[in-house]
Structure formats: structure tokens, C-alpha cells
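Right, one structure below, let's go through it.
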Amino acid sequence: MTRISTIGLIEVTSQTQANNGTQCFHDPITGCDYMSYESGYVRRKFQAVSWRTGKRHFPIYQLNKKRIVKFTYTGRDGRLYNADKTERLLEMNPEVRIDMVVRAAINYRNYLNK
């Protein structure tokens, strides 16, 4: 028995996703979908309702770890500027990505139960 099935996630990967190397899991408790991409990304998708329009939309959040990277660029005025940008750390190991999905599902369930 895998960790995915132990916590109750259901694999709902479509054929197109499978052809691309993506795995998709549905959490029936929270209604979220978790995607593990072959490119190294892990994402959560859920259904939300806009407070302005009342329409449904499906935000997708990246779950990968991130780091701040410093860089220098030349402005339009020709001067050098220093800045920071956020960079996602891609996980190329599929087993580690599945562990990230499991941890994210458990953490999100705990967050919603508060």
C-alpha cells in the first residue's frame, strides 16, 4: 500500500497528462487536485469563488521549495541596480515529488481543520 492510497488520495491522471509525464491526484476530503510534473514542479489546484463576481475559478499554487537569488541589472538610465528574485527549486526525483504531494495534502487538511 502506497502513502498516496494510505491518506486517501485518488489518482485521476488523464491520458494526456500521462503522455506528458504528469501525475494528478484528487483529495476527496478537501476537493483539491495535486499535480506532479515531470519537469520537477508540484502544484495544488482547488476551486474558489470570487467575492466580487461570485464566479468559480481554479487557482493553482506551486508547492516547490523556493530560494531568493540576488542579481544585478542595468536600468534604462544606464546605472547598475541590485535586486532579489524568487526562484523555485525543481525536484527531478518522482518519489520525492510524491512525498511532497503527501505532505502538502496532510498540511492543507490540518490547515482547513483549524
Seminar exercise, completed: Screening 42, 49 for residues that are at pLDDT below 95 and under 26 Å from residue 113 (Cβ atoms) leaves only 49
Exercise. Before we move on, is residue 96 touching a residue at least 24 places away in the same chain (Cβ under 8 Å), part of a helix (DSSP H, G or I) and closer than 24 Å to residue 11 by Cβ?
Worked result: no
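Give the residue, chosen from 50, 39, 14, that is hydroxyl-bearing (Ser, Thr, Tyr), free of Cβ contacts under 8 Å to residues at least 12 places away in the same chain and closer than 23 Å to residue 3 by Cα. Please lay out each step first, then the result.
Details: 50 fails: closer than 23 Å to residue 3 by Cα; 39 fails: free of Cβ contacts under 8 Å to residues at least 12 places away in the same chain.
Going through 50, 39, 14 in turn, the sole match is 14.
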Seminar exercise, completed: Considering segment 86-114, residues that are within 15 Å of residue 46 (Cβ to Cβ) and hydrophobic (A, V, I, L, M, F, W, C), and then whichever is surrounded by the fewest Cβ atoms within 10 Å (Cβ to Cβ), we arrive at 112
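For residue 28, indicate whether it is free of Cβ contacts under 8 Å to residues at least 40 places away in the same chain and within 14 Å of the chain's Cα centre (by Cα). So that I can check it myself, show each step before the final result.
Working: free of Cβ contacts under 8 Å to residues at least 40 places away in the same chain: yes; within 14 Å of the chain's Cα centre (by Cα): no.
Judged against the criteria, residue 28 is not a match.
The rows are residues; the columns are (1) farther than 26 Å from residue 114 by Cα; (2) at pLDDT 95 or above; (3) of a type in the set (Lys, Arg); (4) touching an Asp or Glu at 6+ places or on another chain (Cβ under 7 Å).
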position	(1), (2), (3), (4)
26	no, yes, no, yes
29	no, no, no, no
35	no, yes, no, no
56	no, no, yes, no
79	yes, no, yes, no
86	yes, no, no, no
95	yes, no, no, no
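Residue 53: in a loop (DSSP other than H, G, I, E, B), more than 18 Å from residue 91 (Cβ to Cβ) and within 17 Å of the chain's Cα centre (by Cα), yes or no?
Judged against the criteria, residue 53 is not a match.
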Seminar exercise, completed: Only one of (1) assigned to a strand (DSSP E or B); (2) free of Cβ contacts under 8 Å to residues at least 12 places away in the same chain; (3) not small (Gly, Ala, Ser) does not apply to residue 61, and that is (2)
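The values are calculated or read from the model by the stated rules, or taken from the named source; none is laboratory data. These figures come from a predicted structure and were not determined experimentally. Cβ: placed from backbone, ideal geometry, glycine included. Neighbour counts: every protein chain shown.
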